[in-house]
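Data block below; observations after.
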Amino acid sequence: QVQLVESGGGLVQAGGSLRLSCAASGNIFRINAMGWYRQAPGKQRELVATVTSGGSTNYADSVKGRFTISRDNARSSVYLQMNSLKPEDTAVYYCNADHLFASSGYYPTYWGQGTEVTVSS
């Protein structure tokens, strides 16, 4: 059974920092790309940042220079360091894995349950 488990969300004041973690489990062989998406109340889910297995990264314009995505392929984990947080960063943050290969099969995309981030002004 494949699982993506996020941690690290919480409440922080504007200007503060949080570090999100996501660990994939379930006898995983390979994950092509991992990333973070977020969904604020009343809004659509949007891309925050992605990282390929080779380390190439992509960021939403709104978080460039403030957020850093990183990955540990050996641990099938992805991290999001969020600095200089703003109230508009408040959302549920979801971990995503694209093209996941595990002993249980191939998954084109897989989502975690989400972790809530609240930034107070």
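Residue check, Glu88 against (1) under 20 Å from Ala24 (Cβ atoms); (2) surrounded by fewer than 14 Cβ atoms within 10 Å (Cβ to Cβ), all met but one. Which one?
(1)
Quick check, is Val117 touching a residue at least 24 places away in the same chain (Cβ under 8 Å) and closer than 20 Å to Val12 by Cβ? Break it down into steps so the answer makes sense when it comes.
Working: touching a residue at least 24 places away in the same chain (Cβ under 8 Å): yes; closer than 20 Å to Val12 by Cβ: yes.
Here the answer is yes, as Val117 does meet what is asked.
Tell me, which residue of the range 97-112 that is of a type in the set (Ser, Thr, Tyr) and in a strand (DSSP E or B) is surrounded by the most Cβ atoms within 10 Å (Cβ to Cβ)? Please lay out each step first, then the result.
Filtering the range 97-112 down to residues of a type in the set (Ser, Thr, Tyr) leaves 103-104, 106-107, 109-110.
Pick out the ones that are also in a strand (DSSP E or B) and you get 106-107, 109-110.
On the way: Tyr106: 10, Tyr107: 17, Thr109: 10, Tyr110: 20.
Here the answer is Tyr110.
From (1) at pLDDT below 95; (2) in contact with a Gly (Cβ under 6 Å, 6 or more places away or on another chain); (3) of a type in the set (S, T, N, Q); (4) open to solvent by less than 70 Å² (accessible area, probe 1.4 Å), pick out the condition that doesn't hold for Thr115.
(1)
Let's see how each residue does on (1) closer than 24 Å to Gln1 by Cα; (2) of a type outside the set (A, V, I, L, M):
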site	(1), (2)
Met34	yes, no
Gln44	no, yes
Gly54	no, yes
Ser62	no, yes
Ala97	yes, no
Ser104	yes, yes
Trp111	yes, yes
Thr115	yes, yes
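Given (1) part of a strand (DSSP E or B); (2) surrounded by fewer than 20 Cβ atoms within 10 Å (Cβ to Cβ), identify the lone condition not met by Tyr94.
Failed condition: (2).
Only residues that are modelled with pLDDT under 95 and basic (Lys, Arg): list them for the range 54-106, please.
Answer for the range 54-106, where residues must be modelled with pLDDT under 95 and basic (Lys, Arg): just Arg75.
With the structure loaded, tell me whether Tyr94 is under 15 Å from the mean Cα position of the chain (by Cα), more than 15 Å from Glu46 (Cβ to Cβ) and touching a residue at least 24 places away in the same chain (Cβ under 8 Å) or whether it fails that test.
On the way: under 15 Å from the mean Cα position of the chain (by Cα): yes; more than 15 Å from Glu46 (Cβ to Cβ): no; touching a residue at least 24 places away in the same chain (Cβ under 8 Å): yes.
Against the criterion (under 15 Å from the mean Cα position of the chain (by Cα), more than 15 Å from Glu46 (Cβ to Cβ) and touching a residue at least 24 places away in the same chain (Cβ under 8 Å)), Tyr94 does not qualify.
The values are calculated or read from the model by the stated rules, or taken from the named source; none is laboratory data. On a predicted model such as this, the values are computed, not experimentally measured, just so you know. We place every Cβ from the backbone using ideal geometry, glycine too, and count neighbours over all the protein chains shown. When the accessible area is computed, the model is the full protein with side chains, heavy atoms only, and any ligands, DNA or RNA have been set aside. Shrake-Rupley method; radii C 1.70, N 1.55, O 1.52, S 1.80 Å.
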